[in-house]
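The values are calculated or read from the model by the stated rules, or taken from the named source; none is laboratory data. This structure is a prediction, so every number in the text was calculated from the model and none was measured. Glycine also receives a Cβ, built like all others from the backbone with ideal geometry; neighbour counts cover every protein chain displayed.
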2 protein chains.
Amino acid sequence: MSESHSNDVRVEPATVDDLPLLVQLLVELFEEEEDFNPDPARHEIGLRMILENPKGGRILVIRNDHSLIGMVNLLFTISTAVGGMVLLMEDFIIHPAHRGQGYGSRLVSEVENFARQKGFKRITLLTDKISAESQRFFQRHGYAFSNMIPMRLLLE
Amino acid sequence: MSESHSNDVRVEPATVDDLPLLVQLLVELFEEEEDFNPDPARHEIGLRMILENPKGGRILVIRNDHSLIGMVNLLFTISTAVGGMVLLMEDFIIHPAHRGQGYGSRLVSEVENFARQKGFKRITLLTDKISAESQRFFQRHGYAFSNMIPMRLLLE
């Protein structure tokens, strides 16, 4: 808590205290996406499961002293293709009031640092087909399209 | 081990004893896919990590007394969209010598049973764009295309 840098922007793991603001960010995100509808109760359940299960994933937030600027949800799994742990990157969102200031780039760089430090061998994200802008953003940061197509079965 | 049913086809969790045959199946699979190259050493590392980490996933095999007919790799993760545990289905493969006999349908049904019994709320798989046949197979079993596109960053 140094006074001189009290408003520095920082990236750090989220805690349970962040839950209400994380839920709000997810509602924003799911309102923008075609495949999903916002459902705050479900988002809170999912976020809490990740926060309470640090072996299964990590939620990183970017913030200053006044606000939560954005979040990303990193899920840990295993790949038989690359032979090791890999990251699934989900729920990457910068709050609309904070866009266009480089915070997204800062956050995506920190995700890559986190992955390299922990020995993850690949990062995969699913981007919405509609959002050409976010696809270009991730391409600029080294992410490449694959030839795979996701198919899903909902069980509820 | 009843004599009368000694050659029944069954679906069950794989064990470390299955590793050599599972690696062979993955080599077959990755030879067919555009995005991946076979690498037996890596496949063995990844398969072993899953077998040794039952909280992170499960490998199911379909077999009779004589042979390993096929496999599927189920990875467990959390979704903030649906608010609960979800399955990633990977490495779904029936050995070429055993195709066209309904074993794939049997295996995909058992995956759905497994998911429902354990309370998973969604199953997602990434299919190769090229393989229209396997896409139709999963569509027949209820899987729907989503509007998401995977992007990846390799860290090696």
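Brief remarks follow.
- Among the numbered conditions (1) more than 9 Å from every other protein chain (Cβ to nearest Cβ); (2) without any contact (Cβ under 8 Å) to a residue 24 or more places away in the chain, the only one that residue A:12 does not meet is (2).
- Boolean, residue A:135 is out of contact with any Phe, Trp or Tyr (no Cβ under 7 Å at 6 or more places or on another chain), outside any strand (DSSP E or B), surrounded by fewer than 19 Cβ atoms within 10 Å (Cβ to Cβ) and modelled with pLDDT of 95 or more: no
- Out of B:50, B:69, B:78, sole residue that is in a strand (DSSP E or B), in contact with a strand residue (DSSP E or B) (Cβ under 7 Å, 6 or more places away or on another chain) and touching a residue at least 24 places away in the same chain (Cβ under 8 Å): B:69
- Residue A:99 farther than 28 Å from residue B:40 by Cα and at pLDDT below 95: yes
- Within region A:115-156, the only residue that satisfies the criterion of being farther than 17 Å from residue B:147 by Cβ, touching a strand residue (DSSP E or B) at 6+ places or on another chain (Cβ under 7 Å) and more than 8 Å from chain B (Cβ to nearest Cβ) is A:119.
- Residues of region A:112-132 satisfying the condition of being surrounded by 13 or more Cβ atoms within 10 Å (Cβ to Cβ), of a type in the set (A, V, I, L, M, F, W, C) and not in a loop (DSSP other than H, G, I, E, B): A:114, A:115, A:123, A:125, A:126
- Taking (1) hydrophobic (A, V, I, L, M, F, W, C); (2) touching a Phe, Trp or Tyr at 6+ places or on another chain (Cβ under 7 Å); (3) not in a helix (DSSP H, G or I) in turn, residue B:88 satisfies each apart from (2).
- Selected residue (only one of B:99, B:48, B:42 is crowded, with 16+ Cβ neighbours inside 10 Å, basic (Lys, Arg) and more than 8 Å from chain A (Cβ to nearest Cβ)): B:48
- Failed item, numbered, when residue A:142 is tested on (1) under 13 Å from the mean Cα position of the chain (by Cα); (2) outside any helix (DSSP H, G or I); (3) farther than 28 Å from residue B:133 by Cα: (1)
- When residue A:81 is tested against (1) more than 11 Å from every other protein chain (Cβ to nearest Cβ); (2) farther than 19 Å from residue A:139 by Cβ; (3) not aromatic (Phe, Trp, Tyr), just one condition goes unmet, and that condition is (1).
- Top-ranked residue in region A:25-37 [being surrounded by 17 or more Cβ atoms within 10 Å (Cβ to Cβ) and out of contact with any strand residue (DSSP E or B) (no Cβ under 7 Å at 6 or more places or on another chain); ranked as farthest from the other protein chains (Cβ to nearest Cβ)]: A:30
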